[in-house]
Every structure is written in structure tokens, then in C-alpha cells.
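Student: This is the structure I want to talk about, given as C-alpha cells.
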Amino acid sequence: MGIDIYLVTDNDELSERLSEAYDWHRWALSRTFCNLVSAGSMFNPKLEIDQLGELTGIDIQPLHEMITYSGQLWPEWELEEVDEETERQDMLRQTEKAKTRLSGNVDRVLATVEGLLGALAIVDNLPAHLDDEQGRLDNTVYFADFLKPAGEGELDHLDNNFGQDLRAFRYFLLLVKQHGGTTVYFEWM
């Protein structure tokens, strides 16, 4: 059991239509991708996703912005636990700021994902270019075989490599655009 990462759009109606009309497993991301875009460690504070940005010259900021946004950045129970009204208002302002920053981001995110797909497809031995002293992601497996197609079956996405995750990500972004969506972000469950 572990935490999963999901690609979602801020349009709940569109999310529901996409889930009903298409197989959501086609855009499901691996748990390793979840670790890739989540917090760095005190031993290796530079995330591999940032290293990939440096290696390729691709701006990774649109992906980082997807992390900081949620349909509701602060759950209601967390807001209720705050004693000071000023702190509660600050949390609500942070939520609105994140929503504004992400609004209409689908083209920026798609450009980032497609840029990574193109640039990394020609990198020989990608794992050798990444620093992962703690073995947090098992780079030798996750970043190997970048061009390998996705497997068949419902749960194969859990074992995706980075190339498969990026292609699943692109598939979702293209569907969202095709159906008029404009804003996408990550959600964890």
C-alpha cells in the first residue's frame, strides 16, 4: 500500500466525463512518479525532476506548480484547527494564489512534458546522469528503457518507467485540451 498521484482538472464535470468515456488507467501515473515530484530528502535535496530540467534545459516549474495546487489546498478540518483568524485568512489567500498561478496551465504543462519526452529520448544511459545517492527512486530501473511502451492490464501503470509515465501524462493533457479543459494539477490519495 502506498500513496498514489492522480492527474486531475479543475473542471469536475470534465473530469467525470473523461473518466466515464476513457480508460483512466491510460493516464495513471506510477508511485515512483509520485516520489519523483514530491519532497526531496535532506541527503539529496535536488529532486531528480529538477536534475532532468537542468540536463535538458526544460523549465520544470509548471510541474512544481501542479504540486502546490489542490482543489482545496487546506482541508476544512485543518482550517478549523487554526486558532488565529489571521492565520486562517493567510491559508485561504495561499490557496487563491495557487489557483490563480495555475489557471490555464494546460499548454505550459504540455510543453514541459513534450519537451522532456523529446529531449530525454536521445539521452544515452539516462540513469547515469542523475544523482540519487540514497536510492530513493531506484534510478537504474525507473529511468532505464525510456522508450519502452506501456504494458497491458489494469495495474501495469504502477510499474511504469519515467518514459511511460510521461507518455501517460501527455495523453491526459491532450484529452483535457480536446475537451476544452484549461487547468490541470496533481492530487494525492
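Student: Under 30 Å between alpha carbons, and skipping anything fewer than 8 positions from Lys177 in its own chain: which lysines qualify?
Tutor: Here the lysines satisfying the reach criterion relative to Lys177 are Lys97, Lys99, Lys148.
Student: I need the phi-derived Karplus couplings for segment 174-179: 6.51 cos²θ - 1.76 cosθ + 1.60, θ = phi - 60°, integer Hz, Gly and Pro marked x.
Tutor: 5, 4, 4, 4, 4, 9
Student: Step through the residues of segment 11-21 one at a time and calculate ³J(HN,Hα) from phi using the Karplus curve (6.51 cos²θ - 1.76 cosθ + 1.60, θ = phi - 60°), rounding each to whole Hz and writing x for Gly and Pro.
Tutor: 9, 4, 5, 5, 4, 5, 4, 5, 5, 7, 8
Student: For Ile3, Ile67, which order do you get if you count the other beta carbons within 10 Å of each Cβ and list the fewest first?
Tutor: With the fewest neighbours first, Ile3, Ile67 line up as Ile3, Ile67.
Student: What full-extension length gain, to one decimal in nm, is calculated for Asp23 and Lys97 as 0.36 nm per residue of separation minus the Cα-Cα distance?
Tutor: Result for the pair: 23.4 nm of gain on full extension.
Any read-out appearing in this document is the output of simple, stated calculations on the displayed coordinates, not a laboratory observation. Because the structure is predicted, anything quoted here is derived from the model rather than measured. Don't worry about glycine lacking a Cβ; one is built from the backbone with ideal geometry, like all the others, and counts go over all protein chains shown.
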